Each structure stands twice: as structure tokens, then as C-alpha cells.
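The values are calculated or read from the model by the stated rules, or taken from the named source; none is laboratory data. In this text the structure is predicted, and so the values were computed from the model without any measurement. Counting neighbours? That spans all protein chains shown, and the Cβs are built from the backbone with ideal geometry, glycine included. Only protein heavy atoms, including side chains, enter the accessible area calculation; ligands, DNA and RNA are left aside. Shrake-Rupley method; radii C 1.70, N 1.55, O 1.52, S 1.80 Å.
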Amino acid sequence: MAQGSRQVQTQAQQQIQTLSPQQILVVKLLELPAMELEDRVRAELLENPALEEGKEETAGDEYPDVSESETGLDDGGDTDYDSLSDYLTEDDIPDYKLQENNRSKGEQAEEIPFSDTTSFYETLKEQLGERNLDERQRELAEYLIGSLDDDGLLRKSLESISDELAIYAGIDASTQELEEALKIVQDFDPAGLGARNLQECLLIQIRRKIEQQHSAPNPLLRIEEDIVSECYEEFTRKHWDKIRQRLNLEEAVFDRAIKEVCKLNPRPGASLGEAIGKNMQQIVPDFIVDTYDDGTINLTLNNRNVPELRMSRDFTEMVEEHTKNKANQSKESKEAMMFLKQKMDAAQGFINAVKQRQNTLMTSMQAIIDLQRPFFLEGDESLLRPMILKDVAERTGLDISTISRVSNSKYVQTNYGIYPLKFFFNDGYTTEDGEEMSVREIRKILKECVDNEDKKKPYTDDELTEILKEKGYPIARRTVAKYRQQMNIPVARLRR
């Protein structure tokens, strides 16, 4: 028997997760802080006539049980609408209360004038938006922008930023990736932004000038570059003769070059930062945590001026009217009924999304309180235990990405002040004995040691290591040096 050729077909099964419009709405509302939520709710009230402000006054189900068969409505299967009774649950009737646990009795959420750096960041983000980048590059570059100080310089090490991304954002980014993203930021205006020190800041400005002179670069710029790159230490100490001899420069040429270098801007972000003070905004805490003498901790959600929502009574009456006259419905009546259902469906979806936001926020904040209970009782920063997003996610049963959205741009008012939620997240250091310690606490003790040292004979890293060991923090010398550098503390010889 002749055996014919067989064609082998293979099927690859791929699982793709897509978010429904309702899930996307929940995610977007979850990211909003208290003040922005108020604006979002009021905008929805204006856009959707099926949504109105206020409480439901009467008890009982007053919404009619209307199905598509009763109204004679047929949308051709393009839109899957259930009956009104299916998407109006018992929990939502008689009212749609959105301010549960709003705040303590007689308690007014403290609003603190705060010089927000929105204008600084927005200026740089606008430049970022003009670049053709993939999503990951844009995400890393945006985080680097948020890490710049008021001078526009990046004082943190890329290793430290890599750790922060893993802790706060759940992003595993290598220092090489961050280096590439930093080059993007360093290409922004004004020149010098994103530099990690003054030397790099000056070099970026000089090299930007060289790049802008395409045809015939000014030879003086190359001399300026050599001065800063090869003789930086002598430059900072104004050892002009040493520089001139080392680079074999004529005095007149050298003087012109030094004069131009001194015109460079050591604080490129200062011009952007001048507008910051004029853009005063208020911090409104999203949570209020009251701690009492008996050890009781009470958590309330501050919805500020967010109005309570309910389905529109006018829309309900119109649905009732259409239902009574279902036998004589015209084409226009059917279209009107479709419009009513769409708006009421959107209104109910928005109400549910706001409720889900509240539940998620309360659940997440309660988990943070449970994990950092000693701090909320005493207010001592040294009592903060190591905690990452994963810890809160495991305690709440929520995704790490959800906890990240909760902790971003949210604030909590405590008996000891107002703190951003990110304040409570910190990485840990595990000793050789397996004991876990808070890095924040170690850094605090290290700073105290440096602040109280004899400036005529400052501690070396070896001496600081021994002091920390005596205080109960047995960490390696290289770790001490790493934390010292992250806090911008110079070596011992430069602290005299």
C-alpha cells in the first residue's frame, strides 16, 4: 500500500489576558488621590445624566424589573444588556453610599500647603513624551526624572534606584537598563540635567555645545572638555598652573577656557525649580489613622468632598413609563430605551468602581498598619520593619500591581504627621545569622554616628562598621560604604 505524505499541523495555545472596560475604570480610579477623585466624580456627574448626587430616601426596590423581551427591545446582539434587576443588586438598593468611614466625628482632614514640584516634572515629562521610546524605556526614564533633586542632578546611585524600583514598583531593572534610560534624560534641556555629579554636569554642557557645532567645532571647547575631564580635581582647587602645565596651554588660551567653564550652570534644574514655589498645592491625606492611649488604632478613609451617588430618579421614572407602554413602542421609543439602559449601566458601573476603590484602599492600608503597628503606636521611624509590596499583597490577597497603585501618590494622616504611603516601604538587610534588619534604621544610625563624630578625626568606614556592630548592626564594611555613598556622605578625609 502506497503511503501518502501526511501534513502535520500544530496548534499553539496562547493565553492573553485583557481587561474589561469596568476593570480599566477600577484601575484608573484606584490610582487617583483624594483631590483628583473628587474632580473625577464631579466630571462623571456632569457627563452622565443617569447619575446624580444624594442618598436614596426610600427603602425597598423601586427600580422596575425590565427585561429586553418586555420592552420589545432588540439590539441585534451587538451589545449584551441584562435586565435592570440583574445589574441592580440588593447591596446597591436603596442607596449607593460612597462615604463609609469618611472621617472621625468632628475631624477635619488637615490640608497642608505644599510646594509641589509638578511644574518641574511636567516640563521634563513633556520632553519625554516627544521621544520615540518603548513602554519600558519610558517607565524607567520617568522614574529617573522623579529621582532628580531640585538642582536637576541625580544624587542616588543606579543600584539604589534599581532596588527602589523592585520594592515600590515591582520592576526588575538592571543598572545597564537604567544607564541607557539616564542617557535619554541627560539629553533633555537645559543641558546638564540628570548628571550624577558636578563634573558630569559640566561635561554634558560642554559636549552639547560641541555637538551643536556640526561643521567646525570651536577648538576652545575641546580644551574646556580636557580641563574638566582630565584635570577636574585641580580645577575644583583652582590649581591653574598645574592644569596649564599638564595640558601644555598658552596662558591667554587657558584663561579664556577657564572663563568659559566658569560660565557653565552647576544647577541646571534651578531654572525649572524657580516656578515650583509659585505653584502651591495642598496635600489632602487619603487616610486618617488615629492612635489612642489604650493601643487602639482607628483607620478611616478620607473622601473629602466626594459626593454620595445614586441612580437618577428621573431616569428611573422614564424607564417605568417606557415599561408601561411597551405594547405601543415606536422605533424612537426603543432607541430611547436603549439610551436609558446604556446610561444607567454606565452609572451603576461607576458607582461599583468607586466602592471597589474604597474597599481596596481600606484593605491595603489596614495591612500596612498591621505590618507597621509599632510605628503607628510610637511614631518612631526606627520601629519601621522591612516591608515590600509583596508583603502587603500576600496579606491582602491582592496583586502586587494593585498595591503599587494604592501606594502611589497617596498620603496618610497620623498622630505624628502626614506621610506618603511609600514612606512605610523599605528594604531589609539580612545578617549572616539570618536576622532581618531595616535598611532605613541602619542608615539612620549611620547618619547619627557621622553627625556626632569628632570632625577633626572623622570615622573611617572600618571604624563605622565596628560602631554599628557594637550597636547591634553587624553589617560588612562594604555595606557601610554603600549606605554612606547613598546618603551622599563623603569619605573620612573629606569630612574634616
Notebook entry, point to check: Can we say ALA393 is in contact with a strand residue (DSSP E or B) (Cβ under 7 Å, 6 or more places away or on another chain) and either without any contact (Cβ under 8 Å) to a residue 12 or more places away in the chain or within 30 Å of MET318 (Cα to Cα) (or both)?
Noted result: no
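Looking at segment 131-163, which of its residues are of a type in the set (Val, Ile, Thr) and within 13 Å of GLN186 (Cβ to Cβ)?
Residue satisfying the conditions is ILE145 alone.
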Residue count, segment 133-149, condition assigned to a loop (DSSP other than H, G, I, E, B) and under 25 Å from VAL439 (Cα atoms), comes to 2
Note on VAL439: of the conditions (1) modelled with pLDDT of 80 or more; (2) more than 20 Å from ARG357 (Cα to Cα); (3) not hydroxyl-bearing (Ser, Thr, Tyr), unmet is (1)
If we ask which residues in segment 221-242 are without any contact (Cβ under 8 Å) to a residue 24 or more places away in the chain and of a type in the set (Phe, Trp, Tyr), their number turns out to be 1
Within segment 226-236, can one find any residue that is more than 16 Å from LYS263 (Cα to Cα), of a type outside the set (A, V, I, L, M, F, W, C) and not in a helix (DSSP H, G or I)? no
Result of the Cβ filter at 8 Å on segment 460-477, keeping first residues that are assigned by the TED database to the domain that holds LEU446 and free of Cβ contacts under 8 Å to residues at least 60 places away in the same chain and partners that are assigned to a loop (DSSP other than H, G, I, E, B) and acidic (Asp, Glu), at least 6 apart or interchain, is PRO474/GLU432; PRO474/ASP433
Looking across segment 237-260 at residues that are of a type in the set (A, V, I, L, M, F, W, C) and either in a helix (DSSP H, G or I) or not assigned by the TED database to the domain that holds ARG207 (or both), the single one that is surrounded by the fewest Cβ atoms within 10 Å (Cβ to Cβ) is ALA252
Output for Cβ contacts, cut-off 8 Å, separation at least six or different chains, first residue under 14 Å from THR291 (Cα atoms) and in the same structural domain as LEU389 (by the TED database) in segment 358-370, second buried (at least 19 other Cβ atoms within 10 Å of the Cβ) and not β-branched (Val, Ile, Thr), reads ILE369/PHE376
Going residue by residue through segment 392-402, is there one that turns out to be within 20 Å of the chain's Cα centre (by Cα), of a type in the set (Asp, Glu) and not in a helix (DSSP H, G or I)?
yes
Within segment 230-280, the count of residues that are modelled with pLDDT under 85 and more than 24 Å from LEU153 (Cβ to Cβ) comes to 1
### Task
Check whether at least one residue in segment 481-495 is outside any helix (DSSP H, G or I), open to solvent by less than 30 Å² (accessible area, probe 1.4 Å), modelled with pLDDT of 80 or more and of a type in the set (A, V, I, L, M, F, W, C), and report yes or no.
yes
Across (1) open to solvent by less than 60 Å² (accessible area, probe 1.4 Å); (2) in a helix (DSSP H, G or I), LEU264 clears everything bar (2)
Of the residues in segment 158-207, those that are open to solvent by less than 40 Å² (accessible area, probe 1.4 Å), among the polar types (S, T, N, Q) and under 24 Å from ARG267 (Cβ atoms) come to SER160, GLN186, GLN205
